[in-house]
Amino acid sequence: MKALVLAAGLGTRLLPYTRYTPKPLFTIGGRTFLDIILCSLQDAGCEAIAVNTHHLASQIESFVIAQNYSVPIRTCYEPEILGSGGAIKNIEDFWDNRPFLVVNSDIITDIDFRSVYEFHLAHDYPATLVLHDCPEFNTVSVSSDGFVTGFPADSKTGESAKLTFTGIQVLDPEIINWIPRDRFSSSIEIYKQLISEDRSIKAHILNGNFWSDMGTPARYKKAVYNQMAAIAFQKAFATGIGKKIERSRIAGDGSDRTWYRITSHKHSIILADHGIRQQQSVSEADSFVSIGCHLHKKGVPVPKIHHSDPFSGLVFMEDLGDIHLQSAVQESDDTDHICTLYREIIGRLIHMSIEGRKNFDPNWTYQTSEYDKKMILEKECRYFVEAFLNGFMHRNRHFGDYETEFDTLAENAVRFGINGFMHRDFQSRNIMIHEGQFHFIDFQGGRIGPIQYDLASLLADPYVSLPLFLQNRLLEDCADLYEFKTGVSKDNFIKGYRYCAVTRNLQILGAFGFLSRVKKKQYFAQYIPKALKTLKQNFDYFPEDEFPKLTRLVKELDVA
């Protein structure tokens, strides 16, 4: 038994996602559709398999070579797409005198290819089309005695059923003679011709099997979710999984990701949907999975990732509930209790910084591999000017007017920063309280950088707005503890903190300005006055002549 996998399509309905990735290399649970199909054909007893290619052919060819399959896989490049029929004819020398399988590369199914092949061997008709009841695509007319009688646009009336062609077919070698050479040809057109000449096309109708194509982004995401959700529950819980899995939307924060709580029986997990990959470089989902797994192995309190598919953007993880540090602090008026909470978090922050750096791979990071001067200038200083000063405050200021002082700020933040693993958004809404324990979420922006930056994110957090005296008390506590654990000078730690507190504050204001004005998430605008007040306080720790322009600018700003 031999088979052809049709993989030459342009994937136009899946744009823009097929711009850099051919449709057969889309993934489900971390495996490409092409690999799943090739392995299924291999397991069904195929002795050799051909794969036709066209769009981004080199990626498909490289993938096939890298897999080291146990049966020979032949890739056949088509300079011009030949269609399903033309692809069969184009590899005429590949076929022998036995029937062969042809399978679309953009389907996910549990249909047994071996049983399909044996069904064909049991009858004397030249072609078998595998059909499935999928109301959205039921366009193939089938007679009551199990023969295909028509296709869209020419289906005969009075037929007993209409079903969906699954993209799986078994053909006798004689079919090749009906296909024209060296030009585009659809196998459907060949079948229409056969039917018109009273040659029967056998229908193999399957019920109870899973089948889906991924012709559109929505169908792709649905297929991935349907396959992965059940597996995620199996990985997360040994028992007690119900047959019904329900999904409900939960609130997110500033990112474009969507979040869901998925429940089955008495269990629940969280799904983060980052969106389908649109780039060749590392995506946010890639970073989320790689960094999350790394931190979990290092004993950092982050949610356990149960199952993921970074290409589709779906990540299934431990459910840590809905209580975060912000709500816990706002519900308490006991300063000593609040200090106790923060001291425990600071201890875990130091652990994350030190242990998270060990064996950390910079290739996991999204956008930049470390917190360096260039990143500070572009992602924080320039962001502050463009998104907050000009975008939100309408001040029409130029980055160049403050470039010298921004340069000094960035230089010193790097110079006095004490590097470890840096979370980069270590604020109260990203610290969950679950079963009395603190857990850190939203770590996908992590990289190597100063622990003082994360501490500033925690202490100068506008969501909580800790009193200045409490910020300074906790800063002293953290500096003392870090000096005890590492020997780093307390004075140097605090000096680095002062610079990082300003860069973090600039980033916060840039983000709040962008989210409220551009993304229309007005929720964030309420925190701008608090963030601006903290920025003014942060500049008070520097000599007047160190940042004169920025100090004067910040003092002039006011948000009601």
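The values are calculated or read from the model by the stated rules, or taken from the named source; none is laboratory data. Predicted model only: the values in this text are computed from it and were never measured. Glycine also receives a Cβ, built like all others from the backbone with ideal geometry; neighbour counts cover every protein chain displayed.
Please count how many residues of segment 35-68 are free of Cβ contacts under 8 Å to residues at least 60 places away in the same chain and under 28 Å from the mean Cα position of the chain (by Cα).
20
With the requirement that a residue be within 41 Å of the chain's Cα centre (by Cα) and surrounded by 15 or more Cβ atoms within 10 Å (Cβ to Cβ), what does segment 113-132 give you?
Across segment 113-132, the qualifying residues are PHE113, ARG114, VAL116, TYR117, PHE119, HIS120, ALA127, THR128, LEU129, VAL130, LEU131, HIS132.
Across segment 304-327, what is the total count of residues that are crowded, with 23+ Cβ neighbours inside 10 Å and more than 16 Å from the chain's Cα centre (by Cα)?
1
Working carefully through the options SER332, SER353, SER312, find the one that is among the small types (Gly, Ala, Ser) and in contact with a Gly (Cβ under 6 Å, 6 or more places away or on another chain).
Going through SER332, SER353, SER312 in turn, just one is among the small types (Gly, Ala, Ser) and in contact with a Gly (Cβ under 6 Å, 6 or more places away or on another chain): SER353.
Can you name the condition, by its number, that PHE547 falls short on among (1) surrounded by 22 or more Cβ atoms within 10 Å (Cβ to Cβ); (2) modelled with pLDDT of 95 or more?
Looking at each condition in turn, PHE547 falls short on (1).
Step by step: first the residues of segment 176-214, then only those that are among the hydrophobic types (A, V, I, L, M, F, W, C) and assigned to a helix (DSSP H, G or I), then the one that is nearest to the chain's Cα centre (by Cα). Which residue is that? Give the derivation first.
Keep residues of segment 176-214 that are among the hydrophobic types (A, V, I, L, M, F, W, C), which gives 176, 178-179, 184, 188, 190, 194-195, 201, 203, 205-206, 210-211, 214.
So of that shortlist, the ones also assigned to a helix (DSSP H, G or I) come out as 176, 178, 188, 190, 194-195.
Values: ILE176: 42, TRP178: 45, ILE188: 36, ILE190: 41, LEU194: 46, ILE195: 46 Å.
Among residues in segment 176-214 that are among the hydrophobic types (A, V, I, L, M, F, W, C) and assigned to a helix (DSSP H, G or I), the one nearest to the chain's Cα centre (by Cα) is ILE188.
Residue-by-condition table, conditions (1) under 19 Å from PHE237 (Cα atoms); (2) modelled with pLDDT of 95 or more; (3) of a type outside the set (Gly, Ala, Ser); (4) assigned to a loop (DSSP other than H, G, I, E, B):
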position: SER255; (1), (2), (3), (4): no, no, no, yes
position: ARG277; (1), (2), (3), (4): no, no, yes, yes
position: PHE288; (1), (2), (3), (4): no, yes, yes, no
position: LEU320; (1), (2), (3), (4): yes, yes, yes, yes
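When THR408 is evaluated against the numbered criteria (1) within 28 Å of GLU284 (Cα to Cα); (2) of a type in the set (Val, Ile, Thr); (3) assigned to a helix (DSSP H, G or I), which criterion, by number, is the only one it fails?
The one condition THR408 does not meet is (1).
Given the conditions (1) touching a helix residue (DSSP H, G or I) at 6+ places or on another chain (Cβ under 6 Å); (2) surrounded by fewer than 22 Cβ atoms within 10 Å (Cβ to Cβ); (3) of a type in the set (Val, Ile, Thr), report the number of the one that THR486 does not fulfil.
The one condition THR486 does not meet is (1).
Each row is one residue, and each column tells you yes or no for (1) in the same structural domain as PRO135 (by TED's automatic domain parsing); (2) more than 14 Å from the chain's Cα centre (by Cα); (3) of a type in the set (Gly, Ala, Ser); (4) more than 30 Å from GLY513 (Cβ to Cβ).
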position	(1), (2), (3), (4)
TYR225	no, no, no, yes
ILE250	no, yes, no, no
GLY275	no, no, yes, no
GLN280	no, no, no, yes
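Taking segment 179-217 as the search range and keeping residues that are crowded, with 19+ Cβ neighbours inside 10 Å and among the aromatic types (Phe, Trp, Tyr), which one is farthest from PHE100 (Cα to Cα)?
Taking the candidates together, the pick is TRP211.
Keeping to segment 15-27, report how many residues are over 16 Å from the mean Cα position of the chain (by Cα) and either surrounded by 19 or more Cβ atoms within 10 Å (Cβ to Cβ) or modelled with pLDDT of 95 or more (or both).
Residues meeting the conditions: 3.
Enumerate the pairs (first residue in segment 414-430 and surrounded by 21 or more Cβ atoms within 10 Å (Cβ to Cβ); second residue anywhere and of a type in the set (Phe, Trp, Tyr) and assigned to a loop (DSSP other than H, G, I, E, B)) with beta-carbon separation below 7 Å, excluding pairs fewer than 6 apart on the same chain, so at least 6 apart or on different chains.
Pairs found: PHE421/PHE360; MET422/TYR371; HIS423/PHE443; GLN427/TYR463; SER428/TYR463.
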